[in-house]
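A.B. asks: First the structure, then my questions, so here it is.
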Amino acid sequence: MPRSSDQSAGSHGLLVDLHSHSRYSDGTATLEEIEAACQKRKIAVALTDHNEVRGSVKLASRARALTLPGIEVGTREGLEFLVYFADPGALEDFFVRSIEPYLLSRFMVRSRARSLGVIEGAHELGGYVSLAHPFAPGRKSIDFHSRKGPRQQAFITRVLAGIDAYERFNGGVLSRSNDRAAEFSLGFDKPITAGSDSHHPSSLGSCGIRYAAAATAGRADLFAAVAANSGTEVVTRQGKHFRTVPIIALKHTTFFVRGRQASRRKHH
């Protein structure tokens, strides 16, 4: 497992932020701003919008910065998964097959897709699946489900067996959630991912995983490096929630209202 550090100064290799959002879901960053941040800060990113792939596919296709095609999938059970692909076409196929039929018009981060089906669907197309912020509050947490009894504990056991990795550090959750993930890592021998969970351009690359230059020569190389868990350092800089929370609240409220309006028009 890569060593952890909250400092990037003096470090070598390319920092890859493996969890970020854009204006295509509940972030504020445009594709141009993401590209500018990558170039200025000398980082790479995975754009993982909620149940949405248009931004990630366009960003990869423009090839103005090193990016990893991805998505954050919200499931029926409440768990969320970061799914990465080497090719944007495979990401589109996964979305069409495994996510789009289960989308909800009023809720951005939720869907009717089942967790185990998401994992299986991603693997069928060569995807790499990481359990996002495994100890975030509420239904996103594996602790929440494990406390619900033997049936839910069996469900979590199957999820943990099926995923390829889990998010060891997330810059957008409270520190206690990351502390719990650190404790969990001591007894869970699987690869890790890390990312800022950025919802604003200023926080892109604030944390993530560093990879050697040879492992990041191109998108295929980067995907292989992530899948091989070959990072050399986890940069763990905690995010500033005073900016993120209002952004998320506004974006989700707007999405909900528009969904209700669309539903009313459909039934009148």
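The values are calculated or read from the model by the stated rules, or taken from the named source; none is laboratory data. None of the values given here were measured: they were computed from a predicted structure. Here Cβ is always computed from backbone atoms with ideal geometry, including for glycine, and neighbour counts include all displayed protein chains. For the accessible areas, the whole protein counts, side chains as well, though only heavy atoms, and no ligand, DNA or RNA atoms are used. Shrake-Rupley method; radii C 1.70, N 1.55, O 1.52, S 1.80 Å.
A.B. asks: Of the residues Ser20, Ser25, which single one is farther than 15 Å from Ile209 by Cβ and of a type in the set (S, T, N, Q)?
C.D. replies: Ser25 is the lone residue from the list that is farther than 15 Å from Ile209 by Cβ and of a type in the set (S, T, N, Q).
A.B. asks: Quick one: would you say Ala181 is surrounded by 15 or more Cβ atoms within 10 Å (Cβ to Cβ), aliphatic (A, V, I, L, M), in contact (Cβ under 8 Å) with a residue 12 or more places away in the chain and not in a helix (DSSP H, G or I)?
C.D. replies: No; evaluated as a whole, the condition is false for this residue.
A.B. asks: So, one more: Any idea which of Phe188, Phe223 is under 27 Å from Gly117 (Cβ atoms), among the aromatic types (Phe, Trp, Tyr), at pLDDT 95 or above and open to solvent by less than 70 Å² (accessible area, probe 1.4 Å)?
C.D. replies: Among Phe188, Phe223, only Phe223 is under 27 Å from Gly117 (Cβ atoms), among the aromatic types (Phe, Trp, Tyr), at pLDDT 95 or above and open to solvent by less than 70 Å² (accessible area, probe 1.4 Å).
A.B. asks: Of all the residues that make up the stretch 26-80, how many are more than 16 Å from Ser202 (Cα to Cα), assigned to a helix (DSSP H, G or I), open to solvent by less than 30 Å² (accessible area, probe 1.4 Å) and not β-branched (Val, Ile, Thr)?
C.D. replies: So the count comes out to 4.
A.B. asks: Name, by its number, the condition in (1) aromatic (Phe, Trp, Tyr); (2) within 18 Å of the chain's Cα centre (by Cα); (3) at pLDDT below 95 that does not hold for Tyr166.
C.D. replies: Exception for Tyr166: condition (3).
A.B. asks: Here are some conditions: (1) open to solvent by 60 Å² or more (accessible area, probe 1.4 Å); (2) under 30 Å from Asp87 (Cβ atoms); (3) modelled with pLDDT under 95. Ala215 meets all but one. Which one does it not meet?
C.D. replies: Here Ala215 clears every test but (1).
A.B. asks: Restricting attention to the stretch 10-25, which residues are open to solvent by less than 10 Å² (accessible area, probe 1.4 Å) and in a loop (DSSP other than H, G, I, E, B)?
C.D. replies: Across the stretch 10-25, the qualifying residues are His21, Ser22, Ser25.
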